[in-house]
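This is the structure, below, for whatever I ask next.
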Amino acid sequence: MLKIENLQVKAGDKQILKGLNLEVKAGEVHAIMGPNGSGKSTLVQVLAGREGYEVTGGTATYNGKDLLAMAPEERAREGVFLAFQYPVEIPGVNNVYLLKAGLNAIRKHRGEAEVDAFEFLSLVREKMKLMQMDESFLNRGVNEGFSGGEKKRNEILQMAVLEPALALLDETDSGLDIDALRVVANGVNSLRRQDRAILMVTHYQRLLDYIEPDRVHVLSGGQILKSGDKSLALELEKRGYDWIRQGAAAA
Amino acid sequence: MSAAAPKATTSVDRYRSLFDARPLPDNALTQWRRAAFERFAAIGLPTQREEDWKYTNLRRLESRQFTPATPAPVATDESRWIANAGARIVLANGHALASLSTVSPQPPGVTLLTLGQWIANSPEQVAEFLQKQRRDASSFELLNAAFLEDGVVIDLADGARFDQPIYVIHQMGPGNGMSHPRIFVRCGRNSACTLVEHYIGAADSETLTNSVVSLDLAQGAKVAHYRLQQESSRSFHIGTVHAHLDRDSRYACRDIALGATLARTHITATLAGPGAEATLQGLFAPSGTQHLDTYTLVDHAAPHTLSNEEYRGVADGRGRGVYRGKVIVRKDAQKIDSRQSSRNLLLSPTAEIDTRPELEIYANDVKCSHGATTGQLDSTALFYLRSRGLSEDEARGLLIRAFAESILSTIELEPLRQHLEQQLNERFASSEARA
């Protein structure tokens with residue numbers, strides 16, 4: 001589904017990604033871990049089309065198409081979704097309006113009719129229940145006055161409604177207490193499917209207790225230094241990142 | 001062609017020849033008009049040397065030759081009127097068209113008539129009334145007085161209420177006529193009314209509207225005043241509003257400026273009695289080469305008075321917006337609460353907004369706050385919306401609308417708010433439309 005080859009990305013004068021390779025197949029959940037400043041967030045933001053980065057080399061192919069050549073909205077309509085680390089507050093734009101506009105943009109792209117208003121509302125209500133969100137959410141501005149936990153839930157709610165093929169989760173666990181983390185993880189788990197891939201970036205192993213990855217990668221210094229199954233995450237928890245960095249330097 | 005025709009050289013000369021060409025009866029009203037014209041001629045149009053006009057150059061206006069407003073029916077474009085906005089009065093190029101009016105008979109204590117009717121019936125009475133009014137001070141008020149022909153008179157006795165909003169349509173064009181309408185609103189004690197002014201210009205007309213609205217609110221009176229300016233993009237609009245507020249009265253003005261090549265709105269609210277409260281809110285959105293200027297003056301002349309101002313500007317293309325808000329707190333006007341906020345959005349690198357709150361405080365026990373910000377669309381918010389599948393234009397439009405929402409949401413008249421939302425949606429719907 002997603003194939004990244006030798007991806008090199010600059011932010012300003014700084015080279016952040018220095019030849020990153022990664023392949024994610026449909027149905028898989030991948031976790032990218034790594035120390036601060038290793039380029040984890042840059043990777044998912046570049047994949048979602050955030051401006052301000054310069055791709056200096058390499059490719060990212062999504063379902064055979066050149067992902068990096070697409071506008072952010074095209075990627076979204078093709079099924080790519082980014083759950084933001086810091087979801088943006090947009091007072092004056094209604095939450096439900098955004099959900100509906102997003103869903104209709106995707107449906108239109110697929111040649112489908114706009115969603116029926118009644119069906120849409122019952123869909124949103126059902127997903128809100130899953131994310132344990134309050135009814136009052138419906139009439140609020142996008143993330144307006146939400147707590148950190150509410151914002152993260154809202155991201156997963158959007159994902160549940162938009163049903164992407166490739167979900168990119170940027171530190172979705174950060175700032176969550178254990179109850180909120182369970183709700184968020186439960187939401188993500190309910191979205192695991194054979195035709196959907198999830199790529200999550202995280203700092204902490206604890207998220208992986210709730211969302212079990214098929215593959216774990218260590219990103220450091222702009223490259224993936226080591227990949228493994230979920231046991232790699234446990235090893236990182238015990239030993240930190242230094243042994244991998246030293247191993248890579250020695251090799 | 002005619003070499004004998006006197007060649008007007010300055011704008012004052014041009015207005016004088018228009019003034020002299022008018023067949024006016026020999027009466028007190030004509031004397032009043034003539035006196036106003038001579039005072040106008042003595043001071044001329046304002047220049048940028050005057051502090052209040054620092055950011056607005058009237059050269060574009062000065063060079064124009066306008067024709068006198070004609071009472072002949074003009075092409076009206078009813079599709080642009082707001083349906084169900086209230087009792088309708090149409091001023092076509094400044095002249096009331098009775099045939100298009102929908103004013104129903106009013107209960108006792110409510111008087112609504114056109115100024116033209118009043119002048120026709122009893123010019124001496126009108127002259128007497130005008131003499132007692134606040135003396136016109138500015139160039140444009142004097143010019144309005146000199147060319148005064150028609151307008152609206154609203155008079156509410158104590159406790160009277162107009163049963164629906166009064167919807168005045170200032171329909172301008174086609175052509176290059178000038179119009180100097182005047183609206184008088186007198187509200188007796190505890191009376192209430194809503195006045196909606198809608199300025200509409202025919203496409204490609206190059207008109208001048210120079211309106212003056214004066215409102216006098218007695219104790220406990222309430223007035224909601226809406227101004228929606230949608231003149232043609234080649235026209236000029238000068239609007240002067242004076243509100244005088246007695247004890248415990250409330251005046252709320254919502255001023256939306258979207259049209260005209262050059263527009264200036266000057267709103268003065270004088271808080272003359274304790275408990276008086278003025279709310280001034282507005283939105284101006286210059287694009288292309290439009291120049292939209294708003295000047296407000298809130299005069300806290302009595303203690304225990306409140307004012308709240310909130311203006312938002314959205315400038316695109318090479319559009320230029322100006323907001324200047326002056327607040328005066330007179331000596332001994334203690335326990336004042338005055339708030340002022342100006343927030344502005346620049347959508348293009350060539351757009352410009354000048355904003356300047358000014359406070360003049362001569363009392364010591366007052367609470368005054370003011371703030372001004374100018375910025376661009378939040379790129380993170382833009383990306384957020386696009387990452388959910390919305391096109392760039394759609395995302396921009398949503399963010400601009402969201403920015404304007406705090407002003408739109410204060411509009412309590414549903415048909416007016418819907419009209420405005422539609423106008424803003426059209427304007428900001430696509431980048432092509434913004435060119």
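Does A:Glu119 satisfy the condition of being open to solvent by 60 Å² or more (accessible area, probe 1.4 Å), in contact with an Asp or Glu (Cβ under 6 Å, 6 or more places away or on another chain) and more than 8 Å from chain B (Cβ to nearest Cβ)?
no
Taking region B:405-427 as the search range and keeping residues that are surrounded by fewer than 17 Cβ atoms within 10 Å (Cβ to Cβ) and under 22 Å from A:Leu99 (Cβ atoms), which one is nearest to the other protein chains (Cβ to nearest Cβ)?
Per the criteria, the residue is B:Ser409.
Residue by residue, here is whether (1) farther than 27 Å from B:Leu195 by Cα; (2) modelled with pLDDT under 95; (3) open to solvent by less than 40 Å² (accessible area, probe 1.4 Å); (4) within 14 Å of chain A (Cβ to nearest Cβ) holds:
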{"residue": "B:Arg339", "(1), (2), (3), (4)": "no, no, no, no"}
{"residue": "B:Thr373", "(1), (2), (3), (4)": "yes, yes, no, no"}
{"residue": "B:Ser387", "(1), (2), (3), (4)": "yes, no, yes, yes"}
{"residue": "B:Phe403", "(1), (2), (3), (4)": "no, yes, yes, yes"}
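So for region A:123-139 (the condition being outside any helix (DSSP H, G or I) and surrounded by 17 or more Cβ atoms within 10 Å (Cβ to Cβ)), does at least one residue qualify?
Yes.
Let's see how each residue does on (1) in a loop (DSSP other than H, G, I, E, B); (2) of a type outside the set (Asp, Glu); (3) open to solvent by less than 20 Å² (accessible area, probe 1.4 Å):
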position: B:Asn84; (1), (2), (3): yes, yes, no
position: B:Val103; (1), (2), (3): yes, yes, no
position: B:Gln106; (1), (2), (3): yes, yes, no
position: B:Thr111; (1), (2), (3): no, yes, no
position: B:Gln117; (1), (2), (3): no, yes, no
position: B:Ala120; (1), (2), (3): no, yes, no
position: B:Glu124; (1), (2), (3): no, no, no
position: B:Gln131; (1), (2), (3): no, yes, no
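Given (1) under 30 Å from B:Pro165 (Cβ atoms); (2) more than 27 Å from the chain's Cα centre (by Cα), where does B:Arg401 come up short, assuming only one miss?
Answer for B:Arg401: the failing condition is (2).
Out of (1) part of a loop (DSSP other than H, G, I, E, B); (2) within 11 Å of chain B (Cβ to nearest Cβ); (3) under 21 Å from A:Glu171 (Cβ atoms); (4) not small (Gly, Ala, Ser), the odd one out for A:Glu144 is which?
Exception for A:Glu144: condition (3).
Next up: Can you spot a residue in region A:227-241 that is within 20 Å of A:Val124 (Cα to Cα), of a type in the set (A, V, I, L, M) and either open to solvent by less than 40 Å² (accessible area, probe 1.4 Å) or in contact (Cβ under 8 Å) with a residue 12 or more places away in the chain (or both)?
no
Quick one: which of A:Met159, A:Met200 is more than 14 Å from chain B (Cβ to nearest Cβ), in contact (Cβ under 8 Å) with a residue 12 or more places away in the chain and among the hydrophobic types (A, V, I, L, M, F, W, C)?
A:Met200
Please specify each residue of region B:352-371 satisfying the condition of being closer than 30 Å to B:Ala301 by Cβ and open to solvent by 50 Å² or more (accessible area, probe 1.4 Å).
B:Arg356, B:Leu359, B:Glu360, B:Ile361, B:Tyr362, B:Asn364, B:Asp365, B:Lys367, B:Ser369, B:His370
Could you list all residues from region B:217-240 that are assigned to a strand (DSSP E or B), under 12 Å from B:Ile200 (Cα atoms) and free of Cβ contacts under 8 Å to residues at least 60 places away in the same chain?
Of everything in region B:217-240, those that are assigned to a strand (DSSP E or B), under 12 Å from B:Ile200 (Cα atoms) and free of Cβ contacts under 8 Å to residues at least 60 places away in the same chain turn out to be B:Arg227, B:Gln229, B:His237.
Related question: Can you pull out every residue in region A:1-11 that is open to solvent by less than 60 Å² (accessible area, probe 1.4 Å) and over 14 Å from A:Gly39 (Cβ atoms)?
Passing the criteria: A:Met1, A:Leu2.
While we're on this one: Here are A:Met159, A:Met131: which of them is at pLDDT below 95, within 20 Å of the chain's Cα centre (by Cα) and farther than 22 Å from B:Ala402 by Cβ?
On inspection, the qualifying residue turns out to be A:Met131.
Hey, another quick one. Can you give me the ranges of the helices (runs of 4 or more DSSP H) entirely in region A:1-113 with at least 1 residues that are among the aromatic types (Phe, Trp, Tyr) and within 14 Å of chain B (Cβ to nearest Cβ)?
The helices (runs of 4 or more DSSP H) meeting that bar are A:95-109.
Residue under question is B:Ala272, and the condition is that it be among the small types (Gly, Ala, Ser) and either at pLDDT below 95 or touching a Gly at 6+ places or on another chain (Cβ under 9 Å) (or both); does it hold?
no
Of the conditions (1) under 21 Å from B:Tyr199 (Cβ atoms); (2) aliphatic (A, V, I, L, M); (3) out of contact with any strand residue (DSSP E or B) (no Cβ under 6 Å at 6 or more places or on another chain); (4) not in a helix (DSSP H, G or I), B:Ala137 clears all except one; give me its number.
Condition (1) is where B:Ala137 drops out.
Continuing with this model, one more query. Against the definition (farther than 23 Å from B:Leu97 by Cβ, part of a strand (DSSP E or B) and under 12 Å from the mean Cα position of the chain (by Cα)), how does B:Val212 come out, yes or no?
no
List every residue pair whose Cβ atoms sit under 9 Å apart, with the two residues 6 or more apart in sequence or on different chains, where the first one lies in region B:388-412 and is among the β-branched types (Val, Ile, Thr) and the second, anywhere, is modelled with pLDDT under 90.
B:Ile400/B:Leu424; B:Ile400/B:Arg427; B:Ile400/B:Phe428
Taking the options B:Leu398, B:Leu382, B:Leu347, B:Leu377, name whichever one is over 30 Å from B:His304 (Cα atoms), open to solvent by less than 40 Å² (accessible area, probe 1.4 Å) and more than 14 Å from every other protein chain (Cβ to nearest Cβ).
Just a single option satisfies the conditions, and that option is B:Leu347.
The values are calculated or read from the model by the stated rules, or taken from the named source; none is laboratory data. All values derive from a computational prediction rather than experimental measurement. FYI the Cβ positions are ideal-geometry reconstructions off the backbone, even for glycines, and counts take in every protein chain you see. We work out accessible area using only protein heavy atoms, side chains counted, and drop any ligands, DNA or RNA first. Shrake-Rupley method; radii C 1.70, N 1.55, O 1.52, S 1.80 Å.
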